[in-house]
Amino acid sequence: MKEVRFSDHARLKMEILANHSLAIAPEFVIETVRSPDKLETGEENKLIAQKCLDENLVLRVVYREFNTFILIITLYPGRRSRYEKD
């Protein structure tokens with residue numbers, strides 16, 4: 001299994017979310033990438049993995065996959081109603 005690395009920006013986002021009472025554990029981010037509820041292709045070979053956080057929110061993780069590792073670029077919560085339309 002490939003090593004998962006967090007960009008400085010992704011680490012900062014987790015800290016900001018925690019300061020706003022939405023603590024996201026690094027293990028949950030990794031689980032989202034490895035076993036997403038939904039996976040989308042983004043721009044420039046980026047992937048967006050999505051996993052349910054609660055009845056109203058999903059976690060979206062933007063990452064890039066390389067030969068030997070996965071780089072988490074950023075992450076953000078979103079409303080399920082916006083991202084689970086299909």
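Laboratory data are not the source of any read-out in this text; all were calculated from the coordinates shown. Here the structure is a predicted model, which is why all the values come from computation and not from measurement. A quick note on method: Cβ atoms are made from the backbone with ideal geometry, for glycine too, and the neighbour counts reach across all protein chains shown.
Between T41 and R80, what is the label-to-label distance in nm when each label sits 7 Å out along the Cα-to-Cβ direction?
Simple spin-label model gives 2.9 nm for this pair.
With each run of n ≥ 4 DSSP H residues scored as -39500 (n - 2.57), what mean residue ellipticity at 222 nm is computed for the chain after dividing by its residue count and rounding to the nearest 500 deg cm²/dmol?
-8000 deg cm²/dmol
Using Cα positions and a limit of under 13 Å, work out the aspartates and glutamates in reach of K51, with same-chain residues fewer than 8 apart set aside.
E27, E31, D37, E40, E84
Compute the length gained on full extension between D54 and F66: take 0.36 nm times their separation in residues and subtract their Cα-Cα distance, giving the result in nm to one decimal.
Full extension of this stretch gives 1.3 nm more.
What are the principal axis extents of the Cα atoms in the chain, in Å, biggest first?
35, 32, 22
Can you give the relative contact order of the chain as a percent, counting alpha carbon pairs under 8 Å and 6+ residues apart?
30 percent
At most 13 other Cβ atoms within 10 Å plus a DSSP loop assignment makes a site exposed; report the longest stretch of the chain without any exposed trypsin sites (Lys or Arg not before Pro).
Answer - 3-84.
A23 to V4: extension gain in nm, 0.36 nm per residue of separation minus the Cα-Cα distance?
4.9 nm
Among I30, I16, I73, whose mean-square fluctuation peaks in a Gaussian network model of the chain (Cα, cutoff 10 Å)?
I16
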